[in-house]
Amino acid sequence: MSDWHSWAAIAIFVIAYVAIISEHVHRTAAALAGAAAMLTIRATDDKAAFFDERSGIDWNVVFLLLGMMAIVGVLRQTGLFEYLAIWAVKRARGKPFRVMTMLIVITASASALLDNVTTVLLVAPVTLLVCERLSLPAAPFLIAEVMASNIGGTATLVGDPPNIIIASRGGLTFNDFLVHLAPIAAVLTAVLVVLCRVMFRKALVYDEERAADVMALEEHEAIRDHRLLYQGLGVLALVVFGFVAHPVLHYAPSVVALLGAGILIAISKVETGEALKEVEWPTLAFFAGLFIMVGALIETGVIGEVSRALADATGGSELGATMLLVFGSAVLSGVVDNIPYVATMAPITADLTHGFGGDGAHVLWWALALGADLGGNATAIGASANVVVLGIAERNQQPISFWQFTKYGLLVTAVTVTIAAGYLWLRYFALG
C-alpha cells in the first residue's frame, strides 16, 4: 500500500471522526460515508472489508448484537424490565445514589460473566424505567453503567471482546484473567462509585413523593406474560451458559446469541417483526462503517506503524514497556474501537513478551488488557458498549451527546488507568 493511500486514509478517518464528534452529521451517516470513501480510494477492498476478521467488519460483534437485541425485544414484552426497575428502586428506598450504586455493581458483576455489550443491552431498559419512575435524567445512570460494564468486563476472559483476542494470542486461560485482573477490576468498580457520586451529584436529587409512589407499587403486577417470561429467561440462561462454556463448546458468542434468538422467536408467540423491531439497526450500521474505516488504517499500515513506534519507544525496559503499553493503549483505544486495536497490537505484545524472556501470563498482556479495556471509557466510540448505549438513549428520547459522554469518560479513564498502572507496578515489579 502506497504512502498516498496511508495519508488519504488518515485524512478520511479524521474528517469522519470530526463529523461524529461535532454531531452536525449523524454518527451512522458519518461512519458509512467514511467507509465508502475508504473503499473508493482503495485504501481497502471488498475482501478485506467484508471477509477479513483482522481488518474488516467484525461480524461476530455485529451478529452478537443482533441476536441479543432480538432476545431483549422479546423479554421487553413480558414486563420483566418494569419488574426489575420497581424492585431495584424499592431496595434502594428511592434514593438516587443508592440506585446508581446498585446498578453499577450489578452491571460490573454481570459484565464479568457476559460480554459488556450484552450486559448493557439488558440493564439499559431497566435504567430508563427507573429514571422515568423517579423523574431523574437517564444520562448519568446510563453513562455510569456503560463505564461499569467496561471495568467489570476487564475481570474475565469473556467479559470484553479484546480479552478473547488477548487470551488466544497469549495462550491465557479463564483462570489467568481471574487471578490477575479480577482484583483490580473490583477495586476500580469501587472507585467508579465514588467518582459518580462526585460527577453526577447535581443530578442525584431525591424526590420524596415520586419515591413514595414507587414504594407503593407491587412489582409482581408488572409481569404481563408469565409463559413468555419463563421461555425468555430459559433461553437467556442457555445463552449465558453458551458464553461461559465457550472454551469447551467452541461456539462463538455470535452463534450462541443468534441460536438463542432464533429458538426464542420460534417457541414463543411473538411475531418475528415485533422482535426485530427492537434491533438498533443504525447502531449496527455504525459499527460496520467504523470497522471498515479502522480496517483501512490497518490495511494501509497506519495502525501497525503506530503500534511499532509504541513498541520501539520502550528502550528495552520491561517496566517502561508495561507503562507505555497501558497508557498508550488507553489513549489509542479511546480514539479507535478497542477490538481492532487489540487485534493489531496483540502480535506486537507477543514479540515484546518473548523479547523479555517471558511467556504465558506475562505482565505485558495485563497491561494491554487494562489499557485497552479501561481506555474504551474515554470517548463515546471507544468501546462497543458505549455506542450501543448511545443508540438506546437516542431511541428513547434521552440522547447523550459525544461530548457529554466524553467529558466524564476522560476523567474516569485517567483515574482508573493511573490506578491500574500503579497496580501493575506494585504487583509485578515492586513486590514481584
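The values are calculated or read from the model by the stated rules, or taken from the named source; none is laboratory data. Values in this document were obtained by computation on a predicted structure and should not be read as measured data. Cβ sites come from the backbone with ideal geometry, for glycine too, and all protein chains shown count toward neighbours. Only protein heavy atoms, including side chains, enter the accessible area calculation; ligands, DNA and RNA are left aside. Shrake-Rupley method; radii C 1.70, N 1.55, O 1.52, S 1.80 Å.
How much mean residue ellipticity at 222 nm does the chain get from its helices, if each DSSP H run of length 4 or more adds -39500 (n - 2.57) and you divide by all residues, to the nearest 500 deg cm²/dmol?
That calculation yields -24500 deg cm²/dmol at 222 nm.
Please report the equivalent ellipsoid semi-axes of the range 325-415, computed as sqrt(5 x eigenvalue) of the Cα gyration tensor, largest first, in whole Å.
30, 12, 8
Please name which of ALA110, VAL99, ALA35 has its Cα lying farthest along the dipole of the range 1-158 towards the positive end, using unit charges on Cβ (Lys, Arg +1; Asp, Glu -1) and the Cα centre as origin.
The listed residue farthest towards the positive side: VAL99.
Add +1 for every Lys or Arg and -1 for every Asp or Glu among the other residues with Cβ under 12 Å from the Cβ of ALA321, and state the total.
Around ALA321, the charge tally is -3.
Mean separation of Cα pairs under 8 Å and 6+ residues apart, divided by the residue count of the range 303-427: what relative contact order is that in percent?
Normalised by residue count, the contact order of the range 303-427 is 29 percent.
Which lysines have a Cα less than 24 Å from the Cα of LYS277, not counting those fewer than 8 places away in the same chain?
LYS269
Need the list of aspartates and glutamates near LYS47 for cross-linking: C-alpha distance under 14 angstrom, and skip anything on the same chain fewer than eight residues off.
Excluding near neighbours in sequence, the set is ASP58, GLU299.
At each listed q (0.10, 0.16, 0.18, 0.19 Å⁻¹), what is the log10 of I(q)/I(0) that the Debye formula gives for the range 268-404 modelled as equal alpha-carbon point scatterers?
Reported log10 I(q)/I(0), two decimals: -0.42, -0.84, -0.97, -1.04.
Separation between the LEU426 and SER135 pseudo-spin-labels, each 7 Å from Cα along Cα→Cβ, expressed in nm?
That separation, rounded to one decimal, is 4.4 nm.
With a 10 Å radius around each residue's Cβ, average the other Cβ atoms per peptide and rank 246-256, 181-191, highest first.
Ranked from most to least packed, the peptides come out as 181-191, 246-256.
Could you sort ILE106, ILE298 by accessible area so the largest value comes first, with the probe set to 1.4 Å?
Output order, biggest surface exposure first: ILE106, ILE298.
Identify which of GLU318, GLU218, GLU145 has the largest mean-square fluctuation in a Gaussian network model of the chain, with springs joining Cα atoms closer than 10 Å.
Sorting by GNM fluctuation, first place goes to GLU218.
Once the other residues with Cβ under 14 Å from the Cβ of THR119 are scored (Lys, Arg +1; Asp, Glu -1), what is the net sum?
-4
Would you mind calculating the gained length between LEU233 and TRP7 on full extension (0.36 nm times residue separation, minus the Cα-Cα distance), in nm to one decimal?
76.4 nm
Tell me the angle of helix 59-76 to the major Cα principal axis of the chain, expressed in degrees between 0 and 90 and rounded to the nearest ten.
Tilt of helix 59-76: around 10 degrees.
Sticking with the crude label model, points 7 Å out along Cα→Cβ, report the distance from LEU39 to VAL187 in nm, one decimal please.
4.7 nm
Are there chymotrypsin sites (Phe, Trp or Tyr not before Pro) in the range 77-186 that DSSP marks as loop and that have at most 12 other Cβ atoms within 10 Å, and which are they?
When the chymotrypsin sites (Phe, Trp or Tyr not before Pro) of the range 77-186 are filtered for loop state and at most 12 Cβ neighbours within 10 Å, nothing remains.
Using a 1.4 Å probe on the protein chains only, how many percent of the accessible area of the range 46-195 belongs to carbon and sulfur?
64 percent
Using the C-alpha atoms of the range 212-305, what convex hull volume per residue, in cubic angstrom, is computed?
For the range 212-305, the hull spanned by Cα atoms encloses 207 Å³ per residue.
Using DSSP to define loop residues, name the trypsin sites (Lys or Arg not before Pro) in the range 154-241 whose beta-carbon has at most 10 other beta-carbon atoms within 10 Å.
LYS202
For the chain, what are Rg and Dmax over the alpha carbons, in angstrom?
Spelled out, the Cα radius of gyration and Dmax of the chain are 21.3, 68 Å.
So what is the accessible area of the range 94-219 per residue, in Å², with the probe set to 1.4 Å?
For the range 94-219, the per-residue accessible area is 36 Å².
Under a cut-off of 29 Å between alpha-carbon atoms, report the lysines in cross-link reach of LYS202, not counting same-chain residues fewer than 8 places apart.
Excluding near neighbours in sequence, the set is LYS90, LYS95, LYS407.
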